[in-house]
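The values are calculated or read from the model by the stated rules, or taken from the named source; none is laboratory data. In this text, all values refer to a predicted model and were calculated from it rather than measured experimentally. Counting neighbours? That spans all protein chains shown, and the Cβs are built from the backbone with ideal geometry, glycine included.
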Amino acid sequence: MPEPLVQAERFSYAYPEGGPAASLHEISLELEPGTFTVLAGVSGSGKSTLLRALCGLVPHFHGGVASGVLRVGGLDVREHGPGELAAVCGTVFQEPETQVVMGGVRAELELPLEHRGEPAPAVARAVEETALSLGIGHLLERRTDTLSGGELQRVAIAAAMVHGPELLLLDEPTSQLDPVAGDELVWLLRRLNEDWGTAVVVAEHRLERCLPAADRVISLVEGRIACDAPPREHLAWAAEAMPVLATPGARLFSLAGLSERPASVKEARAGLRGVHLEAPPTVAPDDRPRRRLLRRDNRPEPALALRGVWFEIEDGPSVLRGLDLELRPGERVALMGRNGAGKSTLLRLAKGLIEPTRGRVERAGEVALLLQNPGDYLIHEHAVDDAGSRGVAAAGLEGREQANPRDLSGGERQRLALEVVMGGDQPPAAVLLDEPTRGMDRAHKDALAARVAVLDAAVVVATHDTEFAASFAQRVVLLGQGVVIGDGAPAEVLAGGRHFSTEVARVTGGAALLPEQAAALIEPARVVR
Amino acid sequence: MTLIPSYRSRPSALHAARARVGAGFCCAFALVGALYRNPLILGAALAGILLAGFAAGVGREVGRSLRLAVPFALLVALVNALVYQQGETLLVRGDEFLGRRWDVTLEATVEGLMNGMRIVVLIAALGGLMSAAVDPDQLLKALRRISYRSALTASLATRLVPVLARDAARMGDAARCRPHPPGRLAVVRAALAGALDRAVDVAAALEVRGYSLAGRPARRRRPASRHDLRVGLAALAIAGIAIGAAVAGVGHVEAYPTLDVAAGPAELAVASALVLLGGAPLLGRAARLGVAHA
């Protein structure tokens, strides 16, 4: 039995007064070398705090009170600071921009080794080997401010791993990335774990991404370990105790009354094949877009229309190329496409933050735009000063009018910022949201979907989140190369795609998008059988 | 688009030379701006900088820095012309105001323009050519052996300035999205709070990379490349000529009471040398060997 790499005995921690609410209560666990562990939990459950304790930032950087024992690589985190613990563990945080500290990639990788006083030849070799192993050799001479989010996150992992630590800690590393970059990152972690034997502990909301690679899932609820089990057992527990921590595939099996809890799409497909439950490849007629059900004469005037819109950058590409798009009042539209497809540009044009180089934008009234970082809208000391008492109430924050917006959770800030942009004298004709679900847990996504569902305005959400798009939208517009390459009901656009499809669509071969829809299709099939 | 360019790796001899050498080359031109007022020599230095910039593939960046420098230089010229009353050639007879006459003389105007040219040369050499063609990480790394924490702080600052500029632009967009745009003070205060948040995040990132244990980094020995030698020799030659000629009184300028600007064979020789040395290490086949990253 190898010596545990991490050993916690009744470890508790409380942030200093006024700090974030999440804290840890009596954490006891052991992690063996070479294991892949996923930390699950809703926002504020203590995942980040536990990771920060493992790397020594808690309590040495954040202050606060710690009790019990937590040893990492034999070092007690209460006695050894992050500098000493860095020899044992590498740490990667959520925001790629602020953890890459040097201007060049090579310099970034050299820095941790220089801190340790490594001789120049050893530094050069370690940088070279790490970069090649992590597939960033071609980035070594690049400036960090020219890298994409996915590339930056890879560089951050390389900088955390360059000195060869036994343990890699990652706090929601994919939350700021598009799905492709996020999936690539998880594959990279898997490779580090399997090829290098590095123990990985990753906190992640999108469990379906990580569970296929995981040996173990530790679920935290209000700072306590609620479940510590292999992935399938975790999913069985989540189905009963905490459905928001179940993957879509597992929810599908649970709703369909099947006993298995698949941890991957492959297992889910096999599970369905095993019981001969082939869902019929049909699309429910109600899922067709509402705009197509309306006769042209009866269609209301568009809330927002883009007519032949081009957006061309000087000395740069054409981001949008003659785009035509009409949005009706009350329509719920998910705007999808890879990074650089023109989603954010389209929203900015619709709001009027930028002007098209050709074509025109027609607005039936005010357009409310919530950009990617809700914190940018919350600039006052008190929530009520930002959104007014009506806005605070609409955001579900009654009684917290005097709260500092910076003390609110991510989901609460998102809702409050939405009320800020919609707080004009007249209700907006269109509400546009740019990547609102990044880093959000499922409960917060559901709350957001419920809030926008009651609006009379046309709602457009630019998102990479196919599950959210499938649950919220009546219409999905897919952008590629600055033009619309797909426009239809979610069941049409998201069912057959390889990339733009939900997990349940991949499991059911496109017969359904969401667990509830798939379960409804599977149930009769089972009766027939 | 910022007027002070940021470094991008390019296949040029100036980029390929080690950072200390490249910085020395740019500083040698800046030295000319610091030592001389002679417009012929300053013009030649500027031509040398532009030639070096185009040869290094950063001509546009150097040109952009001139857009910052020229208005500044004109302001200096204007202030000099208004403030200094010496000189015998009257251009404009001004009225009495604030207890003094506001005459403008040719000599004071030219003196102002020459001082402005010095500023242009300094900005083009340091703010243009050096910013665009010398890797700040490598340069600050060399300084880290002298003062580790100060040099690392400077590295962080160069990295974070564009990040904070993007944050500020984002917050400006968010303010425009509000139905009732907030006051500028509130936005500035929020931007400052955001900058502090960034600083805390960066501090945490540095901590987990072992910053608290940091000592003096080990010296790294690299064989000198042909570009180190060529650019370094050019830098030494420029600095040597600038200092030597200044000591010898070449490029003499007397503005008052009448203009006396030396423009003899010695000045022409210095000017020609500056232009040639700006391009020589960066042009030709030898300057193209081994400049790209493998």
If a residue must be surrounded by fewer than 22 Cβ atoms within 10 Å (Cβ to Cβ), at pLDDT 80 or above and within 8 Å of another protein chain (Cβ to nearest Cβ), how many such residues does the stretch B:129-158 contain?
2
Mind checking which residues of the stretch A:101-114 are touching a strand residue (DSSP E or B) at 6+ places or on another chain (Cβ under 9 Å) and facing another protein chain (nearest Cβ under 7 Å)?
A:G103, A:G104, A:P112
Quick one: count up the residues across the stretch A:135-148 that are more than 13 Å from chain B (Cβ to nearest Cβ) and surrounded by fewer than 18 Cβ atoms within 10 Å (Cβ to Cβ).
2
Output the residue which, of all residues in the stretch A:115-134 that are on the phi < 0 side of the Ramachandran plot and touching a Gly at 6+ places or on another chain (Cβ under 9 Å), is nearest to the other protein chains (Cβ to nearest Cβ).
A:H115
When the stretch B:220-247 is examined, which residues are found to be within 16 Å of B:H15 (Cα to Cα) and part of a helix (DSSP H, G or I)?
B:R226, B:H227, B:D228, B:L229, B:R230, B:V231, B:G232, B:L233, B:A234, B:A235
Answer with yes or no whether A:V319 is β-branched (V, I, T), in a strand (DSSP E or B) and in contact with a Ser or Thr (Cβ under 8 Å, 6 or more places away or on another chain).
yes
Extreme residue, farthest from the chain's Cα centre (by Cα), among residues of the stretch A:365-384 that are facing chain B (nearest Cβ under 7 Å) and aliphatic (A, V, I, L, M):
A:I379
Would you check which residues across the stretch B:159-201 are surrounded by fewer than 20 Cβ atoms within 10 Å (Cβ to Cβ), facing chain A (nearest Cβ under 7 Å) and closer than 22 Å to A:L147 by Cβ and list them?
B:P162, B:V163, B:R170, B:R198, B:D201
Might you let me know whether the stretch A:380-392 holds any residue that is within 30 Å of A:A203 (Cα to Cα), of a type in the set (A, V, I, L, M, F, W, C) and modelled with pLDDT under 90?
no
Has the stretch A:425-438 got any residue that is at pLDDT below 90 and farther than 21 Å from A:D178 by Cβ?
yes
For the stretch B:77-110, give me the residue count where each residue is in contact (Cβ under 8 Å) with a residue 40 or more places away in the chain, in a helix (DSSP H, G or I) and touching a helix residue (DSSP H, G or I) at 6+ places or on another chain (Cβ under 6 Å).
1
Selected residue (only one of B:A224, B:A292 is in contact with a Pro (Cβ under 7 Å, 6 or more places away or on another chain) and either surrounded by fewer than 16 Cβ atoms within 10 Å (Cβ to Cβ) or among the hydroxyl-bearing types (S, T, Y) (or both))
B:A292
Only one residue in A:S12, A:S67, A:S28 is surrounded by fewer than 21 Cβ atoms within 10 Å (Cβ to Cβ), modelled with pLDDT of 95 or more, touching a strand residue (DSSP E or B) at 6+ places or on another chain (Cβ under 8 Å) and assigned to a strand (DSSP E or B). Which one?
A:S28
From A:A457, A:A489, grab the single residue that is more than 19 Å from A:H444 (Cβ to Cβ), in contact (Cβ under 8 Å) with a residue 60 or more places away in the chain, over 21 Å from the mean Cα position of the chain (by Cα) and surrounded by 24 or more Cβ atoms within 10 Å (Cβ to Cβ).
A:A457
